[in-house]
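Single-structure report; data block below.
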Amino acid sequence: MFELMPFGRNDLYRPFRDLENLERSFFSGKELGGFKTDIKDTGNAYVLEADLPGVKKEDIHIDIDGDYLSITAQRNNEKSEKDKEGNYIRCERSYGSFSRSFDISGVKAEDITAAYDNGVLTLTMPKREAAVPTARRLEIQ
């Protein structure tokens, strides 16, 4: 009988539901501190495209530490509009730092190239040649 209850029926009265949803969305990590990336396999290389709209080229840093590549970007936007007397009509500020890390263990790190155009960072990462296992027979002494 209980399985016939309509969906959502059990939470008819939850006075703090909106606060719980706000907390869940704020602390879930979705959409915070990151940016969207696409990674394509072109056969002999990987192409990573990262969407960084509104970020200046000099505010993007790409670091390689061992087998990890980190992309860090900072956005600092400040817009203000004043009327004829110099009073603010609107003043908006937006600051943020975004960072992502990627495992590049199968990539030639020394041959990675980067380009930035129209808010899209493009990294071309050539693949390492696959190590061909060598077979041999050991002689017993």
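Each value in this text was obtained by applying a stated rule to the coordinates, not by laboratory testing. All values derive from a computational prediction rather than experimental measurement. FYI the Cβ positions are ideal-geometry reconstructions off the backbone, even for glycines, and counts take in every protein chain you see.
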Of the residues Ile62, Pro126, Ile112, the Cα lying farthest along the dipole of the stretch 33-126 towards its positive end, which is defined by charges on the beta carbon of Lys, Arg, Asp and Glu, belongs to Ile62
Give a quick list of trypsin sites (Lys or Arg not before Pro) in the stretch 103-141 that DSSP marks as loop, anything other than H, G, I, E or B, with at most 13 other Cβ atoms within 10 Å.
Lys108, Arg128, Arg136, Arg137
Applied in sequence order to the stretch 124-141, the curve 6.51 cos²θ - 1.76 cosθ + 1.60 (Karplus, θ = phi - 60°) yields integer Hz couplings, x standing for Gly and Pro, of 9, 10, x, 6, 6, 5, 5, 6, 7, x, 9, 10, 8, 10, 8, 8, 7, 9
Based only on the alpha carbon positions, what is the Kirkwood hydrodynamic radius of the stretch 33-126, in angstrom?
15.1
